[in-house]
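Note sheet for the following structure.
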Amino acid sequence: MNMVESFEKIPVKVFPDSKKGSAYVAQEIAALIRKKAAASEKCVLGMATGATPVSLYAELVRMHREEGLSFKNVITFNLDEYYPIEKEAVHSYWSFMHRHLFDHIDIDPANIHIPNGSWPKDDIKKYCAAYDEAIDAAGGIDLQILGIGLNGHIGFNEPGSSIYSKTRLVNLDNTTRIANTYEFANISKVPRLAVTMGIGNILKSKRVLLMGWGQKAAIIAKAVEGNVTEQIPASILQQHPDCTFIIDEAASSELTRNKAPWLTGDCVWTPVMIKKAVIYLALKLGKSVLSLTAMDYIENGLSDLLVEKGDAYEINLQVFYMLRDSITGWPGGKPNAVIPAHPERSEPHPKRCIIFSPHPDDDIISMGGTFMRLHDQGHEVHVAYQTSGNIAVTDEFVTRFIDFAVGFEEMFGIDNHKSQQILKAAREYIATKQKDQPDTSDIRSIKGLIRRCEAKATCRYVGLPEGRAHFQNLPFYETGAIEKNPMGEEDVTLTMQLLRKIKPHQVYCAGDLADPHGTHKVCLEVVFESLRRIKAAGDEWVKNCWVWLYKGAWQEWDISEIEMAIPMSPDQVMKKRFGIFIHQSQKDMVPFQGTDSREFWQRAEDRNSNTANIYAELGMTKYAAMEAFVRWHY
């Protein structure tokens, strides 16, 4: 057993991203299907739903179409279903599975089994027992696919579920319902009950593959490295004889192999690794970096660092200087100054900068202080609002703003016949709008206009002249539904055109992949792909273009990763808050807020003050807040 295995009680395979991890799982599924088909046997698969397996199902569909993978010998059993819900409802898992997989492959419909969200409640136990019997009659599940909830649930087996539990009706934990609001307009629309296979069913599967991406890092570490407990249902998989976790790099960040790799065996002591280890030690012991002693290193698994690098105080100083040099009030570089360790170049000055904002408020929420400072220090700042953000506006805002348009035209003697018609039609549509019914194109356009006006007002608040706000309305987003398309060629083309028009020296974009419906991730991929293509084409300007990644409303960079930290005074914090308040459609009731019930301005302030507090704990100057960035090299 190697040292990693001594910490990880379940085998874990880490892939660069969810797409590659999903491709690995798809290959294993395909190999099993073909092996069973060659032996004239049925292949019984346990299927999962939610955001996690979407890429997996897309890859299986591709393999069916392009590689001839047949599903004629496949029998499927889905883990769960909302209750009560009609199977044809857009948010049902029956619809999900057919939309993403079953409608695109050659599986026999008779071989598809999904718990029925409309089973009579009085007879639910009988139907659940019959579901378990059907699994047994098929010979048991050969391969079970799982996701993992932020609270550690598998299927809808919430914390406290018995290891012996079978298929049954359950209450959904509130954290689960909040997490699943990405599928619905708001939490009130998320069902409170669900039918789920039990942990006992899952443990009977011959093989289990659990997939976890991005923001699941903390719970994955607990499930893999912690004790077996029914309070973290996924940890019970430690008792399964053939289970593997398939995760991406972001989801592996809390594993000991990444968080404290020196504890798992030999470690190459690069400056980055030394910084990570010393910060880890200082925060663990509640000491400033310069207060750490040789004994602190020895007693906490870092004696090898002392052996290789020598004196503890010299190591402390090295990390102290790295932290100190990451702090700057000049995000665009300090003009007429030679500062070798400064995060940014002094020249050229002023710089052309472009901030890519996935939604129309991420610029001010995530890096509002830096945004304002770049402008105030004389740089040519542009903002590219990548998507319209039109689904994140409530219907009430639509009628309110059309009503204003009607009144405005009346006030100034403008013919308002057309706007009255639009208002009447919108009110009638909204009054009869069904639970899962998408907005009309007119209403979507109005919602997009509301967010565009708020974004333009933010740019004026910062002081940007007209023409510096660019509304890309990337096509991948414009589905009219919560679920978005993957990155497309037109998204990249539009972004390349804008980059070539501005020829920036600095690009800022959202490196926050915890956005609940994946918009940030797609937006980041679009920018990365655009810059790679421009570089490959030989454009001269791109050689002098630096890319800085900020985090969004959900997470912050680990303190050891931060390469540029922009301090903010109390006055600057308040100015940023008022800038966020301009986005009135996003205040009070935040649509699609994910698992965090705080408003965006509260998240931003807490995140920025926490970063400043950690720097202070490590021995740096105490600031009111800090915005943090990591450089991306391409």
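The values are calculated or read from the model by the stated rules, or taken from the named source; none is laboratory data. Predicted, not measured: the structure shown is a model, and the values here were computed from it. Cβ: placed from backbone, ideal geometry, glycine included. Neighbour counts: every protein chain shown.
Search the range 607-633 for residues being aromatic (F, W, Y) and more than 13 Å from Q555 (Cα to Cα), and hand back the single one that is nearest to the chain's Cα centre (by Cα).
Within the range 607-633, the match that is nearest to the chain's Cα centre (by Cα) is W632.
Could we say that A251 is in a helix (DSSP H, G or I), within 24 Å of E556 (Cβ to Cβ), of a type in the set (G, A, S) and not assigned by TED's automatic domain parsing to the domain that holds L56 here? First the steps, then the outcome.
Values: in a helix (DSSP H, G or I): yes; within 24 Å of E556 (Cβ to Cβ): yes; of a type in the set (G, A, S): yes; not assigned by TED's automatic domain parsing to the domain that holds L56: no.
Judged against the criteria, A251 is not a match.
Here is a yes/no grid of residues against (1) assigned by TED's automatic domain parsing to the domain that holds S569; (2) touching a residue at least 40 places away in the same chain (Cβ under 8 Å); (3) touching a helix residue (DSSP H, G or I) at 6+ places or on another chain (Cβ under 8 Å); (4) not in a helix (DSSP H, G or I):
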{"site": "G265", "(1), (2), (3), (4)": "no, yes, yes, yes"}
{"site": "K276", "(1), (2), (3), (4)": "no, yes, no, no"}
{"site": "L290", "(1), (2), (3), (4)": "no, yes, yes, no"}
{"site": "L305", "(1), (2), (3), (4)": "no, yes, yes, no"}
{"site": "G332", "(1), (2), (3), (4)": "no, yes, yes, yes"}
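Quick one: which residue in L283, L290 is modelled with pLDDT of 95 or more, surrounded by 15 or more Cβ atoms within 10 Å (Cβ to Cβ) and either closer than 20 Å to R324 by Cα or not basic (K, R) (or both)? Explain how you work it out, then say what you get.
Values: L290 fails: surrounded by 15 or more Cβ atoms within 10 Å (Cβ to Cβ).
Only one candidate passes the filter, namely L283.
Do we have A384 as among the aliphatic types (A, V, I, L, M) and more than 27 Å from M487 (Cβ to Cβ) here?
Numbers: among the aliphatic types (A, V, I, L, M): yes; more than 27 Å from M487 (Cβ to Cβ): no.
No.
Let me confirm something: among I339, I315, I365, which residue is β-branched (V, I, T) and outside any helix (DSSP H, G or I)?
On the way: I315 fails: outside any helix (DSSP H, G or I); I365 fails: outside any helix (DSSP H, G or I).
Only one candidate qualifies: I339.
Determine which single condition V381 fails, assuming it passes every other condition in (1) modelled with pLDDT under 95; (2) of a type outside the set (G, A, S); (3) touching a helix residue (DSSP H, G or I) at 6+ places or on another chain (Cβ under 8 Å).
Tallying (1) modelled with pLDDT under 95; (2) of a type outside the set (G, A, S); (3) touching a helix residue (DSSP H, G or I) at 6+ places or on another chain (Cβ under 8 Å), V381 fails exactly one: (1).
Tell me, yes or no, whether the range 194-214 has at least one residue that is under 21 Å from I246 (Cα atoms), at pLDDT below 95, assigned to a helix (DSSP H, G or I) and within 20 Å of the chain's Cα centre (by Cα).
Taking every residue of the range 194-214 in turn, at least one turns out to be under 21 Å from I246 (Cα atoms), at pLDDT below 95, assigned to a helix (DSSP H, G or I) and within 20 Å of the chain's Cα centre (by Cα).
Which ones in the range 203-217 are under 16 Å from V14 (Cβ atoms) and in contact (Cβ under 8 Å) with a residue 60 or more places away in the chain? Walk me through how you get there before you give the answer.
From the range 203-217, those under 16 Å from V14 (Cβ atoms) are 209-217; that's our starting set.
Within the range 203-217, L209, L210, M211, G212, W213, G214, Q215, K216 qualify.
Report, ordered by the first and then the second residue, all pairs with beta carbons closer than 9 Å, sequence separation of six or more or different chains, a first member in the range 118-141 that is closer than 22 Å to C43 by Cα and touching a residue at least 24 places away in the same chain (Cβ under 8 Å), and a second member that is assigned to a helix (DSSP H, G or I) and among the β-branched types (V, I, T).
Once the first residue is closer than 22 Å to C43 by Cα and touching a residue at least 24 places away in the same chain (Cβ under 8 Å) and sits in the range 118-141, its partners that are assigned to a helix (DSSP H, G or I) and among the β-branched types (V, I, T) give I141/I135; I141/I202.
Being modelled with pLDDT of 95 or more and surrounded by fewer than 22 Cβ atoms within 10 Å (Cβ to Cβ): is that true of D539 here?
Spelling it out, D539 is indeed modelled with pLDDT of 95 or more and surrounded by fewer than 22 Cβ atoms within 10 Å (Cβ to Cβ).
Kindly provide the set of residues from the range 318-330 that are part of a loop (DSSP other than H, G, I, E, B) and either among the hydrophobic types (A, V, I, L, M, F, W, C) or in contact with a His (Cβ under 8 Å, 6 or more places away or on another chain) (or both), ordered by number.
Narrowing the range 318-330 to residues part of a loop (DSSP other than H, G, I, E, B): 328-330.
Within the range 318-330, T328, W330 qualify.
Of K521, K484, which residue is closer than 29 Å to I446 by Cβ, of a type in the set (K, R) and in contact with a Leu (Cβ under 8 Å, 6 or more places away or on another chain)? Before the answer, list the steps.
Values: K484 fails: in contact with a Leu (Cβ under 8 Å, 6 or more places away or on another chain).
Unique residue meeting the criteria: K521.
Let me spell it out: the conditions are (1) β-branched (V, I, T); (2) farther than 30 Å from A455 by Cα; (3) modelled with pLDDT under 95; (4) crowded, with 19+ Cβ neighbours inside 10 Å, and V319 meets all of them except one. Which number is the exception?
(3)
Give the number of residues within the range 137-157 that are among the hydrophobic types (A, V, I, L, M, F, W, C) and either in a loop (DSSP other than H, G, I, E, B) or over 34 Å from the mean Cα position of the chain (by Cα) (or both). Give the steps one after another, and end with the answer.
First, pick out the residues of the range 137-157 that are among the hydrophobic types (A, V, I, L, M, F, W, C): 137-138, 141, 143, 145-146, 148, 150, 154, 156.
When the remaining residues are screened for being either in a loop (DSSP other than H, G, I, E, B) or over 34 Å from the mean Cα position of the chain (by Cα) (or both), the result is 137-138, 141, 148, 150, 156.
Matching residues across the range 137-157 total 6.
Considering only the range 372-390, how many residues are among the acidic types (D, E) and assigned to a helix (DSSP H, G or I)?
Just the residues of the range 372-390 that are among the acidic types (D, E), to begin with: 376, 380.
From what is left, the residues that are assigned to a helix (DSSP H, G or I) are 376.
Residues flagged as among the acidic types (D, E) and assigned to a helix (DSSP H, G or I) within the range 372-390 amount to 1.
Rundown of residues vs (1) in contact with a Cys (Cβ under 7 Å, 6 or more places away or on another chain); (2) within 17 Å of I236 (Cβ to Cβ), yes/no style:
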{"position": "N151", "(1), (2)": "no, yes"}
{"position": "F156", "(1), (2)": "no, yes"}
{"position": "R168", "(1), (2)": "yes, yes"}
{"position": "I202", "(1), (2)": "no, yes"}
{"position": "W213", "(1), (2)": "no, no"}
{"position": "A223", "(1), (2)": "no, yes"}
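Given the structure, is A134 part of a helix (DSSP H, G or I), over 24 Å from L172 (Cα atoms), in contact with a strand residue (DSSP E or B) (Cβ under 7 Å, 6 or more places away or on another chain) and at pLDDT 95 or above? Don't jump to the end; show me each part of the working.
Details: part of a helix (DSSP H, G or I): yes; over 24 Å from L172 (Cα atoms): yes; in contact with a strand residue (DSSP E or B) (Cβ under 7 Å, 6 or more places away or on another chain): yes; at pLDDT 95 or above: yes.
Yes, satisfied.
Which of the following residues is of a type in the set (D, E), surrounded by fewer than 21 Cβ atoms within 10 Å (Cβ to Cβ), under 14 Å from the mean Cα position of the chain (by Cα) and not in a loop (DSSP other than H, G, I, E, B): E525, E529? Working first, answer last.
Numbers: E529 fails: under 14 Å from the mean Cα position of the chain (by Cα).
The unique qualifying residue is E525.
Can you list the helices (runs of 4 or more DSSP H) lying wholly within the range 391-478 that have 2 or more residues being surrounded by 15 or more Cβ atoms within 10 Å (Cβ to Cβ), assigned by TED's automatic domain parsing to the domain that holds M496 and basic (K, R)?
Details: elements: 395-411, 417-431, 441-462.
Answer list for the range 391-478: 441-462.
Inside the range 14-107, counting only strands (runs of 3 or more DSSP E) that do not spill past its ends, which hold 1 or more residues that are buried (at least 18 other Cβ atoms within 10 Å of the Cβ), assigned by TED's automatic domain parsing to the domain that holds D512 and out of contact with any helix residue (DSSP H, G or I) (no Cβ under 7 Å at 6 or more places or on another chain)?
On the way: elements: 43-47, 74-78, 80-83.
Ranges flagged: none.
Somewhere in the range 173-183, is a residue polar (S, T, N, Q) and touching a Phe, Trp or Tyr at 6+ places or on another chain (Cβ under 8 Å)? Break it down into steps so the answer makes sense when it comes.
Residues of the range 173-183 that are polar (S, T, N, Q), as a first pass: 174-176, 180-181.
Add one more test, that the residue is touching a Phe, Trp or Tyr at 6+ places or on another chain (Cβ under 8 Å), and what stays is 176, 181.
So far as the range 173-183 goes, yes, one or more of its residues are polar (S, T, N, Q) and touching a Phe, Trp or Tyr at 6+ places or on another chain (Cβ under 8 Å).
Can we say I580 is surrounded by 14 or more Cβ atoms within 10 Å (Cβ to Cβ) and in contact (Cβ under 8 Å) with a residue 40 or more places away in the chain?
Details: surrounded by 14 or more Cβ atoms within 10 Å (Cβ to Cβ): yes; in contact (Cβ under 8 Å) with a residue 40 or more places away in the chain: yes.
In short, yes.
Report yes if some residue within the range 545-563 is modelled with pLDDT under 95, surrounded by 22 or more Cβ atoms within 10 Å (Cβ to Cβ) and under 30 Å from T440 (Cβ atoms); otherwise report no.
Looking through the range 545-563, at least one residue is modelled with pLDDT under 95, surrounded by 22 or more Cβ atoms within 10 Å (Cβ to Cβ) and under 30 Å from T440 (Cβ atoms).
Please go through the range 306-316 and give me each residue that is closer than 12 Å to P271 by Cβ and surrounded by 16 or more Cβ atoms within 10 Å (Cβ to Cβ), ordered by number. Working first, answer last.
Pass one, the range 306-316, residues closer than 12 Å to P271 by Cβ: 309, 315.
Matches in the range 306-316: I315 only.
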